[in-house]
Amino acid sequence: MSPQINFVMGAVTGFRRWCGLQPEVLAFAPGRVEILGNHTDYNEGLVMSAALDRGMRLVAARRTDRRVRLASSILGEAPEFSVRDEIVFDERTPWTNYIKGVLAELKKAQIPLRGADVWIDGDIPVGGGMSSSAALEVSTARLFLALADKELSAWEIAHLCRRAENEFVGVQCGILDQFSSVFGQAGHLLWLDCRSLEHGACPAGTGIELVVANSMMNHQLSDGGYNALRESCQRAVAHFQSMITDHPVTALRDVSVEEWDRFKAGLREEDQQRSQHVVEEIRRVDLGRKALMDGDIEGLGRLMFQSHASSRDLFGNSCRELDLLVEIASECEGVLGAKLSGGGFGGCIVVLARSDAAGRTAETLRERFLAQTGTRPEVNRCRIGEGAAVETDLGREN
Ligand code: GLA
(Lines give C-alpha, C1' and ligand atoms only; values in the text may rest on other atoms or scores of the structure.)
Protein backbone atom coordinates (compact mmCIF):
# COMPACT_ATOMS: atom_id res chain seq x y z
CA MET A 1 0.00 0.00 0.00
CA SER A 2 1.41 3.43 -0.94
CA PRO A 3 2.28 5.82 1.88
CA GLN A 4 -0.43 8.18 0.60
CA ILE A 5 -3.18 5.55 0.85
CA ASN A 6 -1.85 4.62 4.25
CA PHE A 7 -2.06 8.23 5.26
CA VAL A 8 -5.69 8.57 4.09
CA MET A 9 -6.57 5.43 6.04
CA GLY A 10 -4.74 6.85 9.06
CA ALA A 11 -6.78 10.06 8.91
CA VAL A 12 -10.07 8.15 8.58
CA THR A 13 -9.16 5.82 11.44
CA GLY A 14 -8.10 8.81 13.55
CA PHE A 15 -11.46 10.45 12.93
CA ARG A 16 -13.44 7.32 13.84
CA ARG A 17 -11.47 6.79 17.03
CA TRP A 18 -11.91 10.39 18.03
CA CYS A 19 -15.66 10.74 17.59
CA GLY A 20 -16.99 7.28 16.76
CA LEU A 21 -18.74 8.52 13.62
CA GLN A 22 -18.61 7.70 9.95
CA PRO A 23 -16.59 10.38 8.06
CA GLU A 24 -18.22 11.96 5.01
CA VAL A 25 -15.65 14.27 3.44
CA LEU A 26 -11.88 14.31 3.21
CA ALA A 27 -9.94 17.33 2.00
CA PHE A 28 -6.24 17.34 1.24
CA ALA A 29 -3.95 20.29 0.56
CA PRO A 30 -0.21 19.94 0.01
CA GLY A 31 2.70 21.79 1.52
CA ARG A 32 5.17 23.38 -0.87
CA VAL A 33 8.79 24.20 -1.40
CA GLU A 34 10.00 27.46 -2.84
CA ILE A 35 12.46 26.74 -5.65
CA LEU A 36 13.29 30.38 -6.42
CA GLY A 37 11.80 33.74 -5.53
CA ASN A 38 12.51 34.35 -1.86
CA HIS A 39 10.24 37.17 -0.66
CA THR A 40 9.47 38.25 -4.21
CA ASP A 41 5.74 37.46 -4.11
CA TYR A 42 4.55 40.48 -2.10
CA ASN A 43 6.91 42.62 -4.17
CA GLU A 44 4.81 41.64 -7.19
CA GLY A 45 7.68 39.67 -8.72
CA LEU A 46 8.07 36.13 -10.01
CA VAL A 47 8.22 32.90 -8.02
CA MET A 48 8.97 29.27 -8.75
CA SER A 49 7.72 26.52 -6.46
CA ALA A 50 6.52 22.94 -6.23
CA ALA A 51 3.68 21.32 -4.30
CA LEU A 52 4.77 18.28 -2.31
CA ASP A 53 3.17 14.88 -2.00
CA ARG A 54 2.72 15.74 1.67
CA GLY A 55 0.42 18.11 3.45
CA MET A 56 -2.67 18.37 5.61
CA ARG A 57 -5.72 16.11 5.55
CA LEU A 58 -9.02 17.07 7.10
CA VAL A 59 -11.66 14.40 7.61
CA ALA A 60 -15.14 15.49 8.64
CA ALA A 61 -18.77 14.65 9.20
CA ARG A 62 -21.61 17.18 9.15
CA ARG A 63 -23.40 18.06 12.39
CA THR A 64 -27.02 19.00 12.72
CA ASP A 65 -26.21 22.07 14.82
CA ARG A 66 -23.85 24.76 13.54
CA ARG A 67 -20.96 23.97 15.87
CA VAL A 68 -17.44 23.14 14.74
CA ARG A 69 -15.40 20.68 16.76
CA LEU A 70 -11.72 20.40 15.86
CA ALA A 71 -9.18 17.82 16.95
CA SER A 72 -5.89 16.69 15.54
CA SER A 73 -3.23 14.04 15.85
CA ILE A 74 -0.56 16.70 15.39
CA LEU A 75 -2.02 19.93 16.75
CA GLY A 76 -4.05 18.84 19.78
CA GLU A 77 -7.64 19.62 20.73
CA ALA A 78 -9.32 23.00 20.46
CA PRO A 79 -12.34 24.65 22.02
CA GLU A 80 -15.46 24.19 19.90
CA PHE A 81 -17.26 27.18 18.43
CA SER A 82 -20.37 28.02 16.47
CA VAL A 83 -20.35 29.29 12.88
CA ARG A 84 -23.64 31.05 13.65
CA ASP A 85 -21.78 33.56 15.87
CA GLU A 86 -19.08 35.97 14.80
CA ILE A 87 -15.84 34.01 14.36
CA VAL A 88 -13.24 35.38 16.76
CA PHE A 89 -9.45 35.10 17.05
CA ASP A 90 -8.23 32.54 19.57
CA GLU A 91 -5.07 33.66 21.43
CA ARG A 92 -4.78 30.39 23.30
CA THR A 93 -4.98 27.91 20.41
CA PRO A 94 -3.14 29.81 17.65
CA TRP A 95 -3.33 27.04 15.02
CA THR A 96 -7.12 27.23 14.99
CA ASN A 97 -6.90 30.78 13.63
CA TYR A 98 -5.86 29.52 10.19
CA ILE A 99 -9.12 27.55 10.11
CA LYS A 100 -11.22 30.28 11.68
CA GLY A 101 -9.80 32.89 9.31
CA VAL A 102 -10.89 30.81 6.34
CA LEU A 103 -14.35 30.27 7.83
CA ALA A 104 -14.71 34.02 8.41
CA GLU A 105 -13.78 34.64 4.75
CA LEU A 106 -16.16 31.93 3.50
CA LYS A 107 -18.90 33.61 5.50
CA LYS A 108 -18.08 36.95 3.89
CA ALA A 109 -18.34 35.20 0.50
CA GLN A 110 -21.90 34.13 1.47
CA ILE A 111 -21.03 30.43 1.67
CA PRO A 112 -23.56 28.83 4.06
CA LEU A 113 -21.32 27.23 6.68
CA ARG A 114 -22.30 23.89 8.19
CA GLY A 115 -21.35 22.63 11.62
CA ALA A 116 -18.90 19.72 11.51
CA ASP A 117 -16.66 17.41 13.48
CA VAL A 118 -13.24 17.80 11.90
CA TRP A 119 -10.16 15.64 12.43
CA ILE A 120 -6.84 17.03 11.23
CA ASP A 121 -3.89 14.93 10.23
CA GLY A 122 -0.70 15.98 8.51
CA ASP A 123 2.70 14.81 7.38
CA ILE A 124 4.52 18.11 7.11
CA PRO A 125 6.15 19.84 10.07
CA VAL A 126 4.10 22.64 11.60
CA GLY A 127 6.06 25.91 11.49
CA GLY A 128 8.76 24.07 9.55
CA GLY A 129 8.77 26.19 6.39
CA MET A 130 6.82 23.73 4.23
CA SER A 131 3.75 25.89 4.43
CA SER A 132 1.65 23.93 6.83
CA SER A 133 -0.41 27.09 7.36
CA ALA A 134 -1.43 27.43 3.70
CA ALA A 135 -2.10 23.67 3.57
CA LEU A 136 -4.39 24.04 6.58
CA GLU A 137 -6.15 27.05 5.06
CA VAL A 138 -6.66 25.52 1.63
CA SER A 139 -7.83 22.15 2.98
CA THR A 140 -10.26 24.00 5.28
CA ALA A 141 -11.67 25.95 2.34
CA ARG A 142 -12.08 22.81 0.23
CA LEU A 143 -13.67 20.93 3.14
CA PHE A 144 -16.25 23.54 4.13
CA LEU A 145 -17.13 24.26 0.50
CA ALA A 146 -17.78 20.55 -0.01
CA LEU A 147 -19.81 20.33 3.20
CA ALA A 148 -21.95 23.21 1.89
CA ASP A 149 -22.16 21.72 -1.64
CA LYS A 150 -20.65 24.90 -3.05
CA GLU A 151 -17.75 25.61 -5.37
CA LEU A 152 -15.29 28.45 -5.81
CA SER A 153 -12.66 28.70 -8.53
CA ALA A 154 -9.05 27.77 -7.82
CA TRP A 155 -8.00 31.43 -7.77
CA GLU A 156 -10.93 32.41 -5.54
CA ILE A 157 -9.80 29.77 -3.05
CA ALA A 158 -6.15 30.88 -3.17
CA HIS A 159 -7.05 34.56 -2.67
CA LEU A 160 -9.58 33.81 0.05
CA CYS A 161 -7.00 31.78 2.00
CA ARG A 162 -4.39 34.49 1.64
CA ARG A 163 -6.87 37.08 2.95
CA ALA A 164 -7.55 34.80 5.92
CA GLU A 165 -3.83 34.81 6.74
CA ASN A 166 -3.37 38.56 6.10
CA GLU A 167 -6.45 39.80 7.85
CA PHE A 168 -7.37 37.21 10.49
CA VAL A 169 -4.01 35.70 11.47
CA GLY A 170 -2.14 38.96 10.85
CA VAL A 171 0.77 37.74 8.69
CA GLN A 172 1.24 39.92 5.62
CA CYS A 173 2.27 36.96 3.43
CA GLY A 174 2.11 36.97 -0.35
CA ILE A 175 0.30 34.50 -2.56
CA LEU A 176 3.10 31.95 -3.10
CA ASP A 177 2.03 29.33 -0.56
CA GLN A 178 -1.70 29.33 -1.28
CA PHE A 179 -1.07 29.40 -5.04
CA SER A 180 1.26 26.38 -4.82
CA SER A 181 -1.09 24.42 -2.59
CA VAL A 182 -4.04 25.00 -4.93
CA PHE A 183 -2.32 24.74 -8.33
CA GLY A 184 0.27 21.99 -7.67
CA GLN A 185 0.93 19.51 -10.49
CA ALA A 186 2.67 16.19 -9.91
CA GLY A 187 6.15 16.14 -11.44
CA HIS A 188 6.03 19.84 -12.36
CA LEU A 189 7.65 23.00 -11.10
CA LEU A 190 5.22 25.90 -10.98
CA TRP A 191 5.91 29.50 -11.86
CA LEU A 192 3.81 32.54 -11.16
CA ASP A 193 3.95 36.20 -12.03
CA CYS A 194 2.54 37.66 -8.82
CA ARG A 195 1.46 40.86 -10.56
CA SER A 196 -0.38 39.59 -13.63
CA LEU A 197 -1.15 36.19 -12.04
CA GLU A 198 -0.01 34.58 -15.27
CA HIS A 199 1.26 31.15 -14.29
CA GLY A 200 2.34 27.81 -15.66
CA ALA A 201 3.94 24.48 -14.92
CA CYS A 202 7.09 22.94 -16.41
CA PRO A 203 7.97 19.27 -16.13
CA ALA A 204 10.76 18.96 -13.56
CA GLY A 205 12.27 16.29 -15.78
CA THR A 206 13.29 12.79 -14.91
CA GLY A 207 16.43 12.08 -13.01
CA ILE A 208 16.07 14.78 -10.38
CA GLU A 209 14.58 14.70 -6.91
CA LEU A 210 13.86 17.12 -4.09
CA VAL A 211 15.28 16.59 -0.63
CA VAL A 212 13.81 18.73 2.12
CA ALA A 213 15.81 19.15 5.31
CA ASN A 214 14.29 20.74 8.38
CA SER A 215 16.74 22.75 10.53
CA MET A 216 14.40 22.08 13.48
CA MET A 217 14.56 25.79 14.24
CA ASN A 218 10.87 26.55 14.39
CA HIS A 219 10.23 29.69 12.42
CA GLN A 220 7.28 31.76 13.54
CA LEU A 221 6.08 33.93 10.72
CA SER A 222 3.49 35.49 12.96
CA ASP A 223 6.03 36.86 15.45
CA GLY A 224 6.94 39.92 13.44
CA GLY A 225 10.17 39.13 11.55
CA TYR A 226 8.34 38.56 8.31
CA ASN A 227 6.28 41.73 8.54
CA ALA A 228 9.44 43.72 9.38
CA LEU A 229 11.08 42.56 6.14
CA ARG A 230 8.01 43.55 4.26
CA GLU A 231 8.10 47.02 5.79
CA SER A 232 11.73 47.40 4.76
CA CYS A 233 10.71 46.62 1.16
CA GLN A 234 7.92 49.19 1.39
CA ARG A 235 10.33 51.91 2.56
CA ALA A 236 12.55 51.07 -0.42
CA VAL A 237 9.55 51.37 -2.78
CA ALA A 238 8.82 54.87 -1.44
CA HIS A 239 12.45 55.84 -2.01
CA PHE A 240 12.61 54.55 -5.60
CA GLN A 241 9.26 56.16 -6.32
CA SER A 242 10.75 59.54 -5.57
CA MET A 243 13.93 58.83 -7.56
CA ILE A 244 12.61 57.17 -10.71
CA THR A 245 10.54 59.54 -12.77
CA ASP A 246 10.33 57.98 -16.23
CA HIS A 247 8.00 55.13 -15.28
CA PRO A 248 5.67 54.34 -12.38
CA VAL A 249 7.02 52.44 -9.39
CA THR A 250 4.41 50.77 -7.23
CA ALA A 251 6.43 47.75 -6.08
CA LEU A 252 10.07 46.58 -6.15
CA ARG A 253 9.04 44.67 -9.28
CA ASP A 254 9.25 47.99 -11.11
CA VAL A 255 12.91 48.58 -10.19
CA SER A 256 15.49 46.93 -12.46
CA VAL A 257 18.86 45.80 -11.14
CA GLU A 258 20.46 48.70 -13.05
CA GLU A 259 18.02 51.26 -11.59
CA TRP A 260 18.60 49.86 -8.12
CA ASP A 261 22.31 50.47 -8.51
CA ARG A 262 21.85 53.94 -9.92
CA PHE A 263 19.33 55.20 -7.36
CA LYS A 264 20.21 53.28 -4.18
CA ALA A 265 22.01 56.19 -2.49
CA GLY A 266 19.89 57.74 0.21
CA LEU A 267 18.37 54.47 1.36
CA ARG A 268 19.38 53.34 4.83
CA GLU A 269 21.78 50.40 4.66
CA GLU A 270 19.31 47.77 5.80
CA ASP A 271 16.70 48.82 3.21
CA GLN A 272 19.39 48.98 0.56
CA GLN A 273 20.37 45.36 1.16
CA ARG A 274 16.81 44.07 1.44
CA SER A 275 15.79 45.73 -1.80
CA GLN A 276 18.93 44.55 -3.60
CA HIS A 277 18.01 40.99 -2.71
CA VAL A 278 14.49 41.41 -4.06
CA VAL A 279 15.35 43.04 -7.40
CA GLU A 280 18.12 40.51 -8.08
CA GLU A 281 15.97 37.60 -6.93
CA ILE A 282 13.19 38.56 -9.34
CA ARG A 283 15.75 38.42 -12.15
CA ARG A 284 16.98 35.05 -10.88
CA VAL A 285 13.47 33.58 -11.13
CA ASP A 286 13.19 34.80 -14.69
CA LEU A 287 16.55 33.21 -15.53
CA GLY A 288 15.58 30.06 -13.66
CA ARG A 289 12.37 29.67 -15.63
CA LYS A 290 14.29 30.04 -18.89
CA ALA A 291 16.90 27.52 -17.70
CA LEU A 292 14.17 25.04 -16.83
CA MET A 293 12.46 25.48 -20.20
CA ASP A 294 15.81 24.93 -21.94
CA GLY A 295 16.36 21.76 -19.90
CA ASP A 296 19.32 23.42 -18.14
CA ILE A 297 18.67 21.95 -14.71
CA GLU A 298 22.27 22.64 -13.60
CA GLY A 299 21.68 26.33 -14.36
CA LEU A 300 18.55 26.29 -12.23
CA GLY A 301 20.52 24.67 -9.40
CA ARG A 302 23.22 27.35 -9.53
CA LEU A 303 20.57 30.05 -9.23
CA MET A 304 19.22 28.32 -6.11
CA PHE A 305 22.66 28.52 -4.46
CA GLN A 306 22.88 32.20 -5.42
CA SER A 307 19.42 32.80 -4.00
CA HIS A 308 20.44 31.31 -0.67
CA ALA A 309 23.61 33.39 -0.51
CA SER A 310 21.52 36.48 -1.14
CA SER A 311 18.99 35.60 1.59
CA ARG A 312 21.90 35.06 3.97
CA ASP A 313 24.02 38.09 3.10
CA LEU A 314 21.50 40.68 1.98
CA PHE A 315 18.00 39.83 3.09
CA GLY A 316 18.98 38.68 6.58
CA ASN A 317 16.38 35.90 6.85
CA SER A 318 18.68 32.91 7.07
CA CYS A 319 20.24 31.50 10.24
CA ARG A 320 23.30 29.44 11.16
CA GLU A 321 21.41 26.15 10.92
CA LEU A 322 19.99 26.85 7.45
CA ASP A 323 23.40 28.00 6.21
CA LEU A 324 24.98 24.83 7.55
CA LEU A 325 22.42 22.61 5.80
CA VAL A 326 22.98 24.41 2.49
CA GLU A 327 26.74 24.14 2.95
CA ILE A 328 26.57 20.39 3.62
CA ALA A 329 24.28 19.91 0.60
CA SER A 330 26.65 21.91 -1.62
CA GLU A 331 29.45 19.49 -0.78
CA CYS A 332 27.45 16.38 -1.77
CA GLU A 333 28.07 14.88 -5.17
CA GLY A 334 25.03 15.03 -7.42
CA VAL A 335 23.50 18.07 -5.71
CA LEU A 336 22.60 20.78 -8.21
CA GLY A 337 21.26 23.48 -5.92
CA ALA A 338 20.00 24.22 -2.42
CA LYS A 339 18.41 27.16 -0.62
CA LEU A 340 16.20 28.06 2.28
CA SER A 341 12.55 27.62 1.44
CA GLY A 342 9.92 30.19 2.43
CA GLY A 343 9.90 32.90 5.06
CA GLY A 344 13.26 31.98 6.61
CA PHE A 345 14.60 32.44 10.20
CA GLY A 346 14.54 28.64 10.49
CA GLY A 347 12.37 26.03 8.87
CA CYS A 348 13.58 24.03 5.88
CA ILE A 349 16.00 24.03 3.02
CA VAL A 350 15.16 22.48 -0.34
CA VAL A 351 17.81 20.56 -2.24
CA LEU A 352 17.67 19.81 -5.96
CA ALA A 353 19.61 16.58 -6.46
CA ARG A 354 20.14 13.97 -9.12
CA SER A 355 17.88 11.03 -8.27
CA ASP A 356 20.74 8.59 -7.88
CA ALA A 357 22.37 10.94 -5.36
CA ALA A 358 19.26 11.86 -3.33
CA GLY A 359 19.45 8.99 -0.83
CA ARG A 360 23.11 9.56 -0.10
CA THR A 361 22.57 13.32 0.17
CA ALA A 362 19.75 12.84 2.69
CA GLU A 363 21.98 10.56 4.75
CA THR A 364 24.91 12.99 4.68
CA LEU A 365 22.66 15.87 5.73
CA ARG A 366 21.37 13.86 8.68
CA GLU A 367 24.79 12.73 9.85
CA ARG A 368 26.78 15.90 9.43
CA PHE A 369 24.12 18.24 10.80
CA LEU A 370 23.72 16.04 13.87
CA ALA A 371 27.48 15.84 14.36
CA GLN A 372 27.92 19.61 14.12
CA THR A 373 24.87 20.86 16.02
CA GLY A 374 23.77 17.98 18.27
CA THR A 375 20.30 18.26 16.70
CA ARG A 376 18.80 15.53 14.55
CA PRO A 377 17.30 17.17 11.47
CA GLU A 378 14.23 15.79 9.77
CA VAL A 379 15.24 15.02 6.20
CA ASN A 380 12.79 13.74 3.58
CA ARG A 381 13.05 12.81 -0.06
CA CYS A 382 9.88 14.35 -1.49
CA ARG A 383 7.91 13.82 -4.66
CA ILE A 384 6.35 16.77 -6.43
CA GLY A 385 2.65 16.30 -5.85
CA GLU A 386 -0.79 17.47 -6.98
CA GLY A 387 -2.67 20.48 -5.66
CA ALA A 388 -5.57 20.39 -3.20
CA ALA A 389 -8.35 17.85 -3.66
CA VAL A 390 -11.53 16.78 -1.95
CA GLU A 391 -13.24 13.40 -1.63
CA THR A 392 -16.95 13.59 -0.85
CA ASP A 393 -18.15 9.99 -0.86
CA LEU A 394 -16.21 8.60 2.09
CA GLY A 395 -19.51 7.72 3.74
CA ARG A 396 -20.35 5.26 0.95
CA GLU A 397 -16.92 3.66 0.79
CA ASN A 398 -16.50 3.05 4.47
C1 GLA B 1 6.32 32.69 3.31
C2 GLA B 1 5.11 33.48 2.81
C3 GLA B 1 5.11 33.60 1.29
C4 GLA B 1 6.46 34.11 0.76
C5 GLA B 1 7.61 33.34 1.40
C6 GLA B 1 8.95 33.94 1.07
O7 GLA B 1 6.24 31.37 2.89
O8 GLA B 1 3.93 32.87 3.26
O9 GLA B 1 4.05 34.43 0.87
O10 GLA B 1 6.58 35.49 0.98
O11 GLA B 1 7.50 33.27 2.81
O12 GLA B 1 9.20 33.90 -0.29
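The values are calculated or read from the model by the stated rules, or taken from the named source; none is laboratory data. Here the structure is a predicted model, which is why all the values come from computation and not from measurement. Heads up, the Cβs are rebuilt from the backbone with ideal geometry, glycines too, and the neighbour counts pull from every protein chain shown. Heavy atoms of the whole protein, side chains included, go into the accessibility calculation; ligands, DNA and RNA do not. Shrake-Rupley method; radii C 1.70, N 1.55, O 1.52, S 1.80 Å.
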Under Karplus coefficients 6.51, -1.76 and 1.60, residue-wise ³J(HN,Hα) of the range 370-381 in Hz, glycine/proline x = 4, 4, 8, 10, x, 10, 8, x, 8, 10, 10, 7
The range 180-236 versus the range 34-82: alpha-carbon centroid distance in Å = 15 Å
Highest mean packing first, using Cβ neighbours within 10 angstrom, the peptides 321-331, 341-351, 139-149 sort as 341-351, 139-149, 321-331
Unit charges at the beta carbon, dipole of the chain: most positive-side option, N97, A164, L70 = L70
Using Cα-only point scatterers and the Debye equation, what is log10 of I(q)/I(0) for the range 1-98 at each q in 0.14, 0.15, 0.19 Å⁻¹, rounded to two decimals?
-> -0.74, -0.82, -1.05
Determine the dipole magnitude for the chain: charges of +1 sit on the beta-carbon of Lys and Arg, -1 on that of Asp and Glu, nothing else is charged, the reference point is the Cα centre, and the result goes in debye to the nearest 20.
-> 840 debye
For the range 208-382, what's the relative contact order in percent, using C-alpha pairs closer than 8 Å and at least 6 residues apart?
-> 34 percent
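For the chain, which whole percent of the accessible surface, found with a 1.4 angstrom probe, sits on carbon and sulfur atoms?
47 percent
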Quick one: angle between helix 96-108 and the longest Cα principal axis of the chain, in degrees between 0 and 90, rounded to 10, please.
-> 80 degrees
What nm value, rounded to one decimal, do you get for the distance between D296 and T245 when each label is placed 7 Å out toward the C-beta?
-> 3.8 nm
The Cα extents of the range 208-382 along the principal axes, largest first and rounded to whole Å, are 53, 40, 22
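Once you have the Kirkwood Rh of the chain from its Cα pairs, apply Stokes-Einstein at 20 °C and 1.002 mPa s and quote D in µm²/s.
100 µm²/s
Report, in debye and to the nearest 20, how large the dipole of the range 208-382 comes out about its Cα centre when Lys and Arg carry +1 and Asp and Glu carry -1 on their Cβ.
240 debye
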Please list the non-local residues whose amide H lies under 5 Å from the amide H of K339, H modeled 1.01 Å from N, same-chain partners needing a gap of 5 or more.
-> V350
Under a 1.4 Å probe, counting only protein heavy atoms, D313 has an accessible area in Å², nearest 10, of 90 Å²
Hey, can you find the accessible area per residue of the range 208-382 for me, probe 1.4 Å, expressed in square angstrom?
-> 44 Å²
Scan around G174 for amide H atoms under 5 Å from its own, H built in the peptide plane at 1.01 Å from N, and keep only partners 5 or more places away or cross-chain.
-> Y42
Under the Karplus relation with 6.51, -1.76 and 1.60 and θ = phi - 60°, whole-Hz ³J(HN,Hα) for the range 306-312, x at Gly and Pro, equal 5, 4, 5, 4, 5, 4, 5
In whole Hz, what ³J(HN,Hα) sequence does the range 53-68 give by Karplus (6.51, -1.76, 1.60; θ = phi - 60°), x for Gly and Pro?
-> 8, 9, x, 10, 10, 10, 10, 8, 10, 5, 10, 7, 8, 10, 8, 10
Could you give the accessible area per residue of the range 56-126, probe 1.4 Å, as a whole number in Å²?
-> 45 Å²
Measure nothing fancy, just the Cα-based angle from helix 154-163's long axis to the longest principal axis of the chain, in degrees from 0 to 90, nearest 10.
-> 80 degrees
Report, by chain and number, residues whose modeled amide H sits under 5 Å from the one on V68, excluding near sequence neighbours (fewer than 5 apart, same chain).
-> F81, S82, V83, A116
Rounded to the nearest 10 degrees, what's the angle between the helix 132-147 long axis and the longest principal axis of the chain, both from Cα atoms, 0 to 90?
-> 40 degrees
